[in-house]
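A quick write-up on the structure given underneath.
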Amino acid sequence: MAEVIHSCGQARVAEVAERLGWSPRQLEREFRSGVGLSPKAFARIIRFQNLLRLVGEGTLREWTRLAHEGGYADQPHMVREFREFSGQSPTERQHPVAGGLASCFVSPRRLATLLGIS
């Protein structure tokens with residue numbers, strides 16, 4: 001779990017399993033038992049939380065750059081996951097991202113501490 005968190009959700013399941021000396025299936029069973037989610041689902045949540053942290057920093061960046069910094073394959077991949085987790089696209093500002101989602105995720109400051117980011 002720590003490796004997934006410290007990688008900002010970018011650690012690959014097969015690589016984590018290999019480092020532990022487990023099969024990917026064994027890692028998934030152990031992860032589901034201990035965390036309640038698959039390692040991939042957990043990584044997606046951590047990656048999304050990291051994206052919210054990047055957005056919450058307030059530094060103006062293009063969405064393409066945020067997608068890259070956040071570990072997404074490309075901007076459409078980021079938008080799909082953003083919509084899946086939040087119900088809106090990143091540019092839809094009906095509700096501020098930090099406001100409507102804050103109670104569901106770790107605060108950006110706390111997440112930066114967990115991720116080991118200064």
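The values are calculated or read from the model by the stated rules, or taken from the named source; none is laboratory data. Note that this is a predicted model, so its numbers are computed, not measured. With ideal geometry, Cβ positions are generated from the backbone for all residues, glycine too; neighbour counts draw on all protein chains shown.
Below, the figures for the structure above:
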quantity	calculated
Some residue of segment 23-36 being assigned to a helix (DSSP H, G or I), under 19 Å from PHE82 (Cβ atoms), at pLDDT 90 or above and of a type in the set (Gly, Ala, Ser)	no
Failed item in (1) among the hydrophobic types (A, V, I, L, M, F, W, C); (2) farther than 18 Å from GLU92 by Cα; (3) part of a helix (DSSP H, G or I), with ALA73 passing the rest	(3)
Test result for ARG65, modelled with pLDDT of 80 or more and closer than 30 Å to LEU27 by Cα	no
Given (1) surrounded by 12 or more Cβ atoms within 10 Å (Cβ to Cβ); (2) of a type outside the set (Asp, Glu); (3) free of Cβ contacts under 8 Å to residues at least 24 places away in the same chain; (4) more than 22 Å from ILE117 (Cα to Cα), number of the condition THR64 does not satisfy	(4)
Scope segment 25-36; condition free of Cβ contacts under 8 Å to residues at least 24 places away in the same chain, exposed (fewer than 15 other Cβ atoms within 10 Å of the Cβ) and in contact with a helix residue (DSSP H, G or I) (Cβ under 8 Å, 6 or more places away or on another chain); matching residues	GLN26
